[in-house]
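Undergrad: Structure in structure tokens, see below.
The values are calculated or read from the model by the stated rules, or taken from the named source; none is laboratory data. In this text, all values refer to a predicted model and were calculated from it rather than measured experimentally. No Cβ is skipped: glycine too gets one built from the backbone with ideal geometry, and neighbour counts run over all protein chains shown.
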């Protein structure tokens, strides 16, 4: 149940540190966005985006999600897209994983990050007393499904809290601010399916 960390570390603990910045820059340029325009769309400062693109700073999970939203893609699409194939095996040791070192919140992509498929399957692990922090609304037409694997989860959707026990499931339209807290003792883990309808 620790409070804020007294030291600062990069929050995204994935091997994307070398390619995360160039990826943001390339996607921004593909969309013909200036730094100022991406800052306005994402709610992340121009200075921060510039530092991310130059590889001078790694983002927290919340900042990475905001940048992805500003680019019009999902967080896992921002982290890296695999070549499209009909059958894709994702070995446990090669999952795309994002870990916020400040909170310990961990997001593991179980499905291949295939652009345009519209479905993502994610396992989230929340240490005792930890939270995802407030996540920006998804674009309209994105639905999320949650099932608790272990522990107790508090899902806060647009300010309204829902307490889920082990085995409980829920569905919601994800164009609202979301936050997921560990509401029990020990680690909490839950599965998340993100379904994008249309473009």
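Undergrad: Do you know which residues across segment 140-160 are part of a strand (DSSP E or B) and either out of contact with any strand residue (DSSP E or B) (no Cβ under 8 Å at 6 or more places or on another chain) or more than 22 Å from residue 195 (Cα to Cα) (or both)? Give the derivation first.
TA: Start the filter on segment 140-160 by keeping residues that are part of a strand (DSSP E or B), which leaves 142-150, 153-157, 160.
Matches in segment 140-160: 150, 160.
Undergrad: Does residue 122 fit the bill of being in contact with a strand residue (DSSP E or B) (Cβ under 7 Å, 6 or more places away or on another chain) and within 22 Å of residue 101 (Cβ to Cβ)? Reasoning before the result, please.
TA: Working: in contact with a strand residue (DSSP E or B) (Cβ under 7 Å, 6 or more places away or on another chain): yes; within 22 Å of residue 101 (Cβ to Cβ): yes.
Taking the combined requirement at face value, the residue satisfies it.
Undergrad: Looking at residue 169, is it exposed (fewer than 15 other Cβ atoms within 10 Å of the Cβ) and farther than 23 Å from residue 100 by Cα?
TA: On the way: exposed (fewer than 15 other Cβ atoms within 10 Å of the Cβ): yes; farther than 23 Å from residue 100 by Cα: yes.
It is true that residue 169 is exposed (fewer than 15 other Cβ atoms within 10 Å of the Cβ) and farther than 23 Å from residue 100 by Cα.
Undergrad: Could I ask something else about it? Could you tell me whether residue 194 is touching a helix residue (DSSP H, G or I) at 6+ places or on another chain (Cβ under 9 Å) and within 20 Å of residue 77 (Cβ to Cβ)?
TA: Yes.
Undergrad: Answer yes if at least one residue in segment 117-125 is closer than 20 Å to residue 71 by Cα, surrounded by 18 or more Cβ atoms within 10 Å (Cβ to Cβ) and modelled with pLDDT under 95, and no otherwise. Walk me through it before giving the result.
TA: Step one: list which residues in segment 117-125 are closer than 20 Å to residue 71 by Cα, which gives 117-120.
Add one more test, that the residue is surrounded by 18 or more Cβ atoms within 10 Å (Cβ to Cβ), and what stays is 120.
The next check asks that each one be modelled with pLDDT under 95; those that pass are 120.
Yes, some residue in segment 117-125 is closer than 20 Å to residue 71 by Cα, surrounded by 18 or more Cβ atoms within 10 Å (Cβ to Cβ) and modelled with pLDDT under 95.
Undergrad: I would also like to ask the following. Could you tell me how many of the residues in segment 83-100 are assigned to a loop (DSSP other than H, G, I, E, B) and at pLDDT 85 or above?
TA: Applying the first criterion (assigned to a loop (DSSP other than H, G, I, E, B)) to segment 83-100 yields 83-91, 95, 100.
After this cut, where a residue has to be at pLDDT 85 or above as well, the list is 100.
Adding up the residues that qualify gives 1.
Undergrad: Does residue 80 satisfy the condition of being modelled with pLDDT under 90, in contact with a strand residue (DSSP E or B) (Cβ under 9 Å, 6 or more places away or on another chain) and surrounded by fewer than 20 Cβ atoms within 10 Å (Cβ to Cβ)?
TA: Considered against the rule, which asks whether it is modelled with pLDDT under 90, in contact with a strand residue (DSSP E or B) (Cβ under 9 Å, 6 or more places away or on another chain) and surrounded by fewer than 20 Cβ atoms within 10 Å (Cβ to Cβ), residue 80 comes out as yes.
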